[in-house]
Structures are given as C-alpha cells and as structure tokens.
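Asker: I am attaching a structure below and will ask some questions about it afterwards.
The values are calculated or read from the model by the stated rules, or taken from the named source; none is laboratory data. Quick caveat: nothing in here was measured; it's all calculated off a predicted structure. Heads up, the Cβs are rebuilt from the backbone with ideal geometry, glycines too, and the neighbour counts pull from every protein chain shown. Areas reflect the complete protein model, heavy atoms only, side chains present, ligands, DNA and RNA absent. Shrake-Rupley method; radii C 1.70, N 1.55, O 1.52, S 1.80 Å.
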Amino acid sequence: MNYVIGCDVGSQGTKAILLSTEGGYVCEAYEGYPIDYPHPLWAEQPVELWLNALSLAIRWLIAESGVAPKNILALSLATQVDGVIPIDDQGQPLHSAIIWMDRRAAAQCGQIRQELSEDRIFELTGLNLDATHVAPKIRWLADQRPEIYEKSKYFLLPGSYMAYALTGELGVDFSNASSTLLLDVHTRDWSPAMCDAFGIDPATLAPVGPSNSILGKLREAFSQRLGLSPETLVMVGCGDEHAACLGAGVTLPGLVGDIAGTAEPVCAASREPVFDVTRLVETHCHADPDLWLLENPGFVSGGNLRWFRDQFAKGETYAVLDSEAASIPPGAEGLTFLPSLMGAMTPTWNESARGTYAGFTLAHGRGHFVRALLEGTAYAVRDITTQMQAAGIELHELRVVGGGAKSSLWNQIKADVTGLPVNVPEITETTALGAAFLALVGIGAYSNLAEASEQIVKIYKRVEPHPDAESMYMEAYERYRNTYFTLLPLFEEAARHGL
C-alpha cells in the first residue's frame, strides 16, 4: 500500500498526518515551538524551528506506522499565511520570519493610503490595507532594515520558504498569494499596480500556481533529514486556513469553516469572487483552484486562551478551565471580553484596539473570566457570519475544526451565539488533513480536491443551538459591540501616544 503525508506548519507547532492513497487515516504527530514577541505587536519565529519540527513529526510518523519510506509517495504542506522570510542568493534566511500576527508595519500602510485609495486596493486584491498582510512587512524591511532588504534575492511566504528548503524550487499557490496584498484576485497573478505601490519587484516573489501541482522532489539532504525517499514528491501547498477548509469539507455552499486555532479564521466557499462592501470579510482564493474563499483571516482566539492559562492558571488543563466556565450562566453575569490582544479583526479591522475585560466585580471568579473569553470569540464569529449573509452568502451550518473544536462548551456557545448548528468532523485537526488532500490529488489518487474532501471528511458530532441561550445572548452580544465601539476612540488616542 502507498501513502501520503500532509503537514500543518502552524503558529505554535507542526502537525503531520499519514494517509493511505485510499484516504484512510493511519497516524499523526505533533511538535510544538514558541513565538517570539520582541516588542509589543511584533511576532517572529526562526525558520529552523519549523524545519526541526517537521523533521521530528515526520520521523515519528514513520516510526509509529512502520511504513517503508519508499511507499510514501508525496508530501504537502499547509502553512501559516501572511508571514515573510527574506532570503539571499544562496537561499539562506536573512531575518526571522515576521509572522501573520505581527503589526509593526502600520506606518507603511499609512504611506500607501496616500498613494492608493482603500477602495481601489480592495477592488484589486479583495483585501484590507492592514499591517498583518505581507506587502507592508516587506516595505518595513526596506525602510527599517535596508541592509537586509538590499541583500534579499527573494521574499518568501512561510509555505514558499518551506517548500523551497525541501525541493530547491520556488512556488506559491493562489490561496497563499491572495493574502499578500500583492495578488490581483481576479487574474490570480501578481498585480503590477500593487507591486509598484509598495516598491516591490515581482521578480523577488515566487511564481504563482495551483496548490495541488507538483513542485519537485525532496533534496537529498532533506530526504535524509526527514527519513523519506529522495523520490518523494512535494506539492506547492497552500495556506493553513485554506487547507483546514478542505479538510473540513468547506468546498460546498452554505458551510462556514470556523478554524479555532491560535487564530480563528472564519471562511465560506464561493464559485465566484464575492466582495463585502464593509470590508470586514475579505475575498481570497481557495485552496481548490476552482473556488474563491470569503473569509475574515482570523482574530487571535486560542492564543488568548493559552495566554490566560499561562498567566492566571499555570499548570491547569483546558478541561479544568472549561469545567469552571460551564458552571457560569450565558453572558458571564455581565462580564464582557474583547478578543483584541493583537489588535482587532472584528467588529472592525483596527490595529489600535486592545484586549479588554469589561464589567467585572468582586463577585466574578476565574470561571467568569474563562467563559467571557470563550463568549467573546463567539461574538466575533457572529460578527463575521452576519456580514457574510449580508454579502449574499447563504449559511446553514458552522463547521468547527482545530484545537478549539475539542471543547464541547465552546462549540455550544458558538451555536447559541450564531444561531447556526455546529458540526464537528471526526478529524478536527483538518489543516494537515487538507494538506494531505493536495498530495492525494497531486499524485492522481483523486480527480480533484472537492472529490477528496467529499469522500474522506466524516462528521462526528452535531450541536444544535439552545433557544433559551440564544435569547440570553442577544443582549450580551449587543453589550460586546457597544463596549468595542465605545472604547474605540480611547484605543486610537492611546495609539497616537505610542501605547
């Protein structure tokens, strides 16, 4: 029997999954790593962390499964989006990866606003002019690290860098490229207007193509490092939330992919590009080349919960925190949380917004704070699904995946807040699974990505909204929105003073 590997190179770790070419699950492995925060709103990772984790995870798959390396035909990666790694003419990284949650390039966005209107930018790219995207980060390197910028041969996204390290070949798929602010979402190629505005030579960017196309074979050095055959094929790969949608079955109309990881992208597939006039929701390319993806690329979510546990419940499990939160009634007895610890992506995009707990008293305990945090993310999901519906997307199901999908309480809260039933797939870590689908289609085991998704994805649990809780959350949701918009001028005033 033959096999493929799919890998999720995420913000907090790398997960690898082994599937048979018939789509059967064999085993999976995970290797974690930290994020560096050298300054407020900065976030970086040395690329060697990703490569080491990938090597350890794949070697564990081989050891655990007993599969001969020669029978592993292909490997595909799904990686965190919106990061950038400058490399020199020898392929060596010149700077740690500036990752997706980093918002240091706000000033560079301000400069571009003087040259191009935000409406024109959105019309071309489907994106908001925001410091989380790649182009402002490249411009920041030019402005603040000119010695690195001048030595850079290419500016690669995390997926492009990893695939280049493995194969020596350059490539980026439509989905990853569509989150850079440099891709024309209509033509699905680099936009001359956007490259000119940011002063970026398109020749320093990887060529764009389909996610499931074969990029090359493993370099000899990396085949030894990973324990795989040098004949192993490597696909171009895609973005992590895009692969998660494939692995969750979000290739059909009416489904919303809610990817509850460190960040929480919320996505819906469309056969044509759809544009949200409020720009809360962006228009990206899907990992499936036949589709587009209407998405909010993700507010920090699981990262907030991890921060809370590490700071205020060190040594406790998430299950213990869930249990404490479950004892608190819906609405957390007036306690409201804004999930904006790294700026806001909803209810509006605003890099000045900050995380907030509002309305607590001496009667509130740790369980209230945990429940308010879980509810705050659910309110953010509702912001996004409401706007998708306003843009003309019909929604009938929230499909929750990622680490957050393991929390029954969180799933119930999301169903109650959004009014949509929540379905949880059997395999909740769908990013690595979706990456494996790319490999399966790339080697011809399935004819297309929709077929692989429809045949392999199975639903494990369905959670229906509770009518009583829905009504209770109406008031709490409005309180969340009022809190955000009331505090917004204070956030912006603080930002003007560098806070």
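Asker: So the label point goes 7 Å from the Cα of residue 187 along Cα→C-beta, right? Which residues of the range 105-145 then have their backbone N under 18 Å from it?
Answerer: Correct set: 120-127.
Asker: Would you mind checking 70/153; 314/406; 15/414; 414/458; 15/314; 15/151 for any pair whose Cα atoms are more than 30 angstrom apart?
Answerer: Details: 70/153 34 Å; 314/406 20 Å; 15/414 25 Å; 414/458 21 Å; 15/314 24 Å; 15/151 33 Å.
Distance filter (> 30 Å) returns 70/153; 15/151.
Asker: Ok, one more. Restricting to Cα pairs below 8 Å that are 6+ residues apart, what does the relative contact order work out to for the chain? Please round to a whole percent.
Answerer: Values: 1165 pairs, mean separation 77.2, N = 499.
Relative contact order of the chain: 15 percent.
Asker: Which order, highest average first, do 485-493, 125-133 follow once you tally other Cβ atoms within 10 Å for each residue and take the mean per peptide?
Answerer: Working: 485-493: 13.4, 125-133: 24.4.
Ranked from most to least packed, the peptides come out as 125-133, 485-493.
Asker: Same structure again: Please state the shape class of the range 39-91: rounded when a/c is under 1.5, otherwise prolate if a/b exceeds b/c and oblate if not, all from the C-alpha gyration tensor.
Answerer: Numbers: a/c = 2.79, a/b = 2.06, b/c = 1.35.
Prolate is the answer for the range 39-91, as a/c is 1.5 or above and a/b outweighs b/c.
Asker: Another question about this same structure. What label, among [x] 24.2; [y] 21.4; [z] 27.1, belongs to mean projected area of the Cα convex hull in nm² computed from the structure on display?
Answerer: Answer label, from the structure shown: [y].
Asker: Working with all protein chains in place, sort 466, 284 by solvent-accessible area computed with a 1.4 Å probe, largest first. Don't skip to the end; give the middle numbers.
Answerer: Details: 466 95, 284 0 Å².
Solvent-accessible surface, decreasing: 466, 284.
Asker: For the range 1-93, give the share of DSSP beta bridges that are antiparallel, in percent and rounded to the nearest 5; count only bridges with both residues there. List each step's numbers first, then the result.
Answerer: On the way: 16 of 23 bridges.
Taking every DSSP beta bridge with both residues in the range 1-93, the antiparallel ones total about 70 percent.
Asker: Can you return the aspartates and glutamates within cross-link range of residue 461? Criterion is Cα-Cα under 13 Å, with same-chain partners fewer than 8 residues away left out.
Answerer: Leaving aside aspartates and glutamates fewer than 8 places away in the same chain, those within reach of residue 461 are 397, 426.
Asker: Which percent of the accessible heavy-atom area of the chain goes to carbon and sulfur, probe 1.4 angstrom?
Answerer: Roughly 52 percent, rounded to a whole number.
Asker: Just to check I understand the Karplus step: with θ = phi - 60° and J = 6.51 cos²θ - 1.76 cosθ + 1.60, what whole-Hz values come out for the range 441-454, glycine and proline as x?
Answerer: 6, x, 8, x, 5, 10, 6, 7, 5, 4, 5, 4, 5, 5
Asker: Measuring with a 1.4 Å probe in the full set of protein chains, what accessible area per residue, in whole Å², belongs to the chain?
Answerer: On the way: 18020 Å² over 499 residues.
Per-residue value: 36 Å².
Asker: If you don't mind, another one. Taking the full set of protein chains and a 1.4 angstrom probe, give the accessible area of residue 60 in square angstrom, rounded to the nearest 10.
Answerer: 110 Å²
Asker: Sorting check: for 66-76, 427-437, 194-204, 229-239, which peptide has the highest mean count of neighbouring beta carbons within 10 Å, and how do the rest follow?
Answerer: Numbers: 66-76: 19.1, 427-437: 30.1, 194-204: 16.6, 229-239: 25.8.
Listed from highest to lowest mean packing, they are 427-437, 229-239, 66-76, 194-204.
Asker: 5 Å is the cut-off here: which amide hydrogens, built 1.01 Å from N in the peptide plane, fall below it relative to residue 215, excluding neighbours closer than 5 in sequence?
Answerer: Amide H neighbours of residue 215: 234, 235, 236.
Asker: Tally Lys/Arg at +1 and Asp/Glu at -1 over every other residue whose Cβ is under 14 Å from the Cβ of residue 321; what's the total?
Answerer: On the way: positive: 306, 309, 314, 366, 371, 406; negative: 310, 316, 322, 324, 375.
Charge balance near residue 321 sits at +1.
Asker: Something else about it: Suppose each label sits 7 Å from its Cα in the direction of the beta carbon; what would the residue 471-residue 2 distance come out to in nanometres?
Answerer: 5.9 nm
Asker: Moving on to the next point. Write down the percent of antiparallel bridges among all DSSP beta bridges whose residues are both part of the chain, to the nearest 5. Let's see the in-between values first.
Answerer: Numbers: 48 of 69 bridges.
The antiparallel proportion sits near 70 percent.
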